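S.K.: Right, I'll just put the structure down here and ask away after.
The values are calculated or read from the model by the stated rules, or taken from the named source; none is laboratory data. Computed from a prediction, not measured in an experiment: that's the story for all the values here. Here the Cβ positions follow ideal geometry from the backbone for every residue, glycine too, while neighbour counts run over all protein chains shown. The area values use the complete protein model at the heavy-atom level, side chains included, leaving out ligands, DNA and RNA. Shrake-Rupley method; radii C 1.70, N 1.55, O 1.52, S 1.80 Å.
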Amino acid sequence: MTDSRIYDSRDPRCKTPYGAVSAGTRVTFTLRPPRTGGFSRARLLARFEFRDNEVQELPMPWSGLDGSRDRFTCTLDTGDYLGLVWYSFRLEGLGDRSLELGEYQLTVYDGTQAVPPWFGEGVTYQIFPDRFRRTGVPDPAGMVGGRWVHAGWDEEPEWRPDGRGEIRNRDFFGGSLAGVLEKLDYLKELGVDTLYFCPVFEGAENHRYGTGDYEKIDPMLGTEEDFCRLCHQAHTLGMRVILDGVFNHCGSFNKWLDRERIYENAKGYEKGAYVSQDSPYRSYFDFHDSNRWPYNPTYDGWWTHDTLPKLNYEESEELCRTILDVGRKWVSPPYNVDGWRLDVAADLGHSNDFNHHFWKEFRRTVKEANPDAVILAEHYGNPESWLRGDEWDTVMNYDAFMEPVTWFLTGMEKHSDEYREDLYGNSEAFIGAMKHHMQSLHMGALYGAMNELSNHDHSRFLTRTNHRVGRLSYAGAEAASAGINPAIMREAVVIQMTWPGSPTVYYGDEAGVCGFTDPDNRRTYPWGKEDQEMLDFHKRMICIHKAYPILAKGSLEFLWNDHQGLSYGRFSDSEQIIVILNNQDQERDIRVTAWKTGVSWKEATAFQRLMLSSGEGYTEMPEEYIADAGILQVKMPAYGAMVLHHRARDKYK
């Protein structure tokens, strides 16, 4: 017997509460075998991994019928346990009849270490500092890295290899902290609550993910005083600031390594580890050949990139202390930064054991300095072991947001490297992916997860709407905006602003910026040349997100789906929002089971339309829709997205 409906950890009929749970939670499990299976008894086996694999065995008494299915139920008390619980089931009947199910995983986290609520309740705006706003054309003379600056703000980012065949990312546009400060009022009007900055520390490349000095603001961006001024003004306007912490690797010109020999004979500097075996920073890096000094090139590089030397934490307590000091410095006065986004966080050291140890120390250090700071990580795959309340608060939500949304609405892989017809419009795959990955996030982490459509590592979502596989190097910049469909982008924005999690807008998405994957996704913000309709639509959807708290903390239920169609509800006991999407290229009638959100199936219920988007544009013109006996009948336009709202007092008379 392989009936998956017997137990599905994502189904509230089988397991409550959903997903990971805090310590002390009582978790109820229910098996639902068909009566024809002939099972008369069941039991649960729970193995507590971090309690020396202690096993609890609980009987699951028969608890009634659910249609043609038996129900066997028990409750597991997690008590004061923290960590992973591996559980399985055994059903037994007459004779030798038996069935074993599992193992399944349950994460129990420290609920006393809550995710800062301010992050999940607002809208975040990701800024790539070099490309957002400049106040003048800077002179790169004297700055590390052999930089050059584009004279024109609208020029194409450089992607061609240099004379040595290397792509060095040394072309800058001169975006600055002063430029961001100049546009804070714009961001406030857009509805932004949090500014997330890609790296701002000194770095030779325009992306600054190869850090030269963690203690120093990159001089092309400004000074520490400029950064203090920006943070202070953002806080005055009610906005938070998050920095990008790139602690897995540094830049090859960092004084600790000094491959470019910038500091070799500079007054006041020790020799770098590349230069001398006797360098005080020798243990910061892993060298494979100890016979190559001076100028030893055999150090570990991140993904073999010699411009991004991998830091060697396990061999250097001093390095660990230094990075912890960096984490503390920027969340403390006078900067008072509100949190860290951690780049490739799970790859920091050479083992998971070390990584867990380090991030516990990092969290303790940061939270002691600023208890309200958020710590979120870039992570692919199951993050449960990192989200137990003593390491990360939450994650960038690739698995349970960006990837399912882009596959469903566009059929495109998030780099625009692949098109899959089988996933385009496949709502069953979308629902399955969402349920599977969302259960890896406890509720605090889910509501705070960073939900992005685009970012600095992937193609722009608007470009993905043209269904074209391509990169700048062979397709050209113009191909990124050819054949795009802004209506599909608006569908995606509706999902982004109504889905559980923290909506995060990548700079320029709201202005209609296109681009293949990096560096094309890092074009400059088109000041004065924005797609005004797209910009206004973002403003209106952000307003809706902020006006209805159930979009931040309400329950989620799927209400209807078919090929290129989807509806879901966000709701509480007394309030409902229903989202309906028609991603087909033609108008059609849709029947939505609104009663699943808690509205009456006995009486007619009035829903008010908040937003309707289509291939023709969008409207906020109010219109009433009646759910009769709990069913909404809606005519949806091609490439349409609708948002409906109901409160208990709006019952139809």
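S.K.: So, in the stretch 138-151, how many residues would count as being farther than 19 Å from Thr211 by Cβ and out of contact with any Phe, Trp or Tyr (no Cβ under 9 Å at 6 or more places or on another chain)?
M.R.: 3
S.K.: Something else now. Across the stretch 137-168, which residue is farthest from the chain's Cα centre (by Cα) among those that are open to solvent by 30 Å² or more (accessible area, probe 1.4 Å) and at positive phi?
M.R.: Top of the filtered list is Gly142.
S.K.: Mind telling me which of the residues Thr36, Thr25, Thr16 ends up being surrounded by fewer than 16 Cβ atoms within 10 Å (Cβ to Cβ) and under 32 Å from the mean Cα position of the chain (by Cα)?
M.R.: Going through Thr36, Thr25, Thr16 in turn, just one is surrounded by fewer than 16 Cβ atoms within 10 Å (Cβ to Cβ) and under 32 Å from the mean Cα position of the chain (by Cα): Thr16.
S.K.: Under the condition of being buried (at least 17 other Cβ atoms within 10 Å of the Cβ) and not aromatic (Phe, Trp, Tyr), which residue from the stretch 287-300 is farthest from Glu260 (Cα to Cα)?
M.R.: Going through the qualifying residues, I end up with Asp300.
S.K.: Taking the stretch 12-60, which residues are farther than 22 Å from Glu92 by Cβ, among the small types (Gly, Ala, Ser) and in contact with a Gly (Cβ under 7 Å, 6 or more places away or on another chain)?
M.R.: The answer is Ser22, Ala23, Gly24.
S.K.: Of all helices (runs of 4 or more DSSP H) completely enclosed by the stretch 309-428, which ones contain at least 3 residues that are within 30 Å of Tyr274 (Cβ to Cβ)?
M.R.: 317-331, 352-369
S.K.: Can you name the residue in the stretch 197-252 that is open to solvent by less than 40 Å² (accessible area, probe 1.4 Å) and acidic (Asp, Glu) and is also farthest from Asp520 (Cα to Cα) among such residues?
M.R.: Result: Asp213.
S.K.: Exactly one of these conditions fails for His456: (1) open to solvent by 20 Å² or more (accessible area, probe 1.4 Å); (2) in a loop (DSSP other than H, G, I, E, B). Give me its number.
M.R.: (1)
S.K.: Within the stretch 388-404, does at least one residue satisfy the condition of being among the hydroxyl-bearing types (Ser, Thr, Tyr), closer than 21 Å to Glu121 by Cβ and touching a Leu at 6+ places or on another chain (Cβ under 6 Å)?
M.R.: yes
S.K.: Still on this model: Given the structure, is Met497 at pLDDT 95 or above, out of contact with any Asp or Glu (no Cβ under 9 Å at 6 or more places or on another chain), outside any loop (DSSP other than H, G, I, E, B) and open to solvent by less than 10 Å² (accessible area, probe 1.4 Å)?
M.R.: yes
Per-residue answers, yes or no, for (1) among the aromatic types (Phe, Trp, Tyr); (2) open to solvent by 10 Å² or more (accessible area, probe 1.4 Å); (3) assigned to a loop (DSSP other than H, G, I, E, B):
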| residue | (1), (2), (3) |
| --- | --- |
| Asp518 | no, yes, yes |
| Lys529 | no, yes, yes |
| Asn561 | no, yes, no |
| Gly569 | no, no, no |
| Gln576 | no, no, no |
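S.K.: Answer with yes or no whether Arg464 is charged (D, E, K, R), over 29 Å from Val115 (Cβ atoms) and buried (at least 23 other Cβ atoms within 10 Å of the Cβ).
M.R.: yes
Yes/no per residue for (1) among the polar types (S, T, N, Q); (2) within 24 Å of Asp110 (Cβ to Cβ); (3) free of Cβ contacts under 8 Å to residues at least 24 places away in the same chain:
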residue: Arg13; (1), (2), (3): no, no, no
residue: Phe29; (1), (2), (3): no, yes, no
residue: Arg51; (1), (2), (3): no, yes, no
residue: Glu54; (1), (2), (3): no, yes, yes
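S.K.: Of everything in the stretch 79-126, what is more than 23 Å from the chain's Cα centre (by Cα), under 27 Å from Arg364 (Cβ atoms) and acidic (Asp, Glu)? Give them in sequence order.
M.R.: Passing the criteria: only Asp80.
S.K.: If you go through the stretch 306-333 one residue at a time, how many are open to solvent by 80 Å² or more (accessible area, probe 1.4 Å) and in contact (Cβ under 8 Å) with a residue 24 or more places away in the chain?
M.R.: Looking only at that region, the number is 3.
S.K.: Filter the stretch 343-366 down to the residues that are free of Cβ contacts under 8 Å to residues at least 40 places away in the same chain, open to solvent by 30 Å² or more (accessible area, probe 1.4 Å) and under 14 Å from Leu324 (Cβ atoms) and list them by number.
M.R.: His357, Lys360, Arg364, listed by residue number.
S.K.: Among the strands (runs of 3 or more DSSP E) contained in the stretch 592-653, which hold 1 or more residues that are at pLDDT 95 or above and open to solvent by 30 Å² or more (accessible area, probe 1.4 Å)?
M.R.: Output list reads 605-614, 617-619, 624-628, 631-636.
S.K.: Tally up the residues in the stretch 235-254 that are under 19 Å from the mean Cα position of the chain (by Cα) and in a strand (DSSP E or B), please.
M.R.: Total satisfying the criteria: 6.
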